[in-house]
1. Work out how much length Val26 to Ile51 would gain on full extension: take 0.36 nm times their residue separation and subtract the Cα-Cα distance, in nm to one decimal.
2. Spin-label point model (7 Å from Cα, Cβ direction): what's the Arg64 to Trp38 distance in nm?
3. Give a residue-ordered list of calculated ³J(HN,Hα) values for region 22-28 (Karplus: 6.51 cos²θ - 1.76 cosθ + 1.60, θ = phi - 60°; whole Hz; x for Gly, Pro).
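Each reported figure results from applying straightforward, stated rules to the coordinates on display, with no laboratory input. Keep in mind the model is a prediction, meaning the values are calculated, not measured. Cβ placement follows ideal geometry from the backbone for every residue including glycine, while neighbour counts extend to all protein chains displayed.
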Amino acid sequence: MLNFDIFKQKSPKQRFLLILGLIMFVFYLGIGLACIFWANLPLNIGRPYKIGIGIFLIIYAFVRLLSLGRRD
């Protein structure tokens, strides 16, 4: 999925954006998992809605990761 050989060929700007994209993937994944598994999450919504938001954020994180891997 991610070819780290092309990581060496990228300009500093492209490397920074790649690293930022990976950080954002981890961020969205973490927030999605927190919405699903953290029982005392301070959101005043029902449990099914928390699970729905969490699943949406996890899917969004993977879509971002796939689009990050497809870029030149």
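1. My answer for the length gained is 7.2 nm.
2. So the two model labels end up 1.6 nm from each other.
3. So the J values, rounded to whole Hz, are 5, 5, 5, 4, 5, 4, 5.
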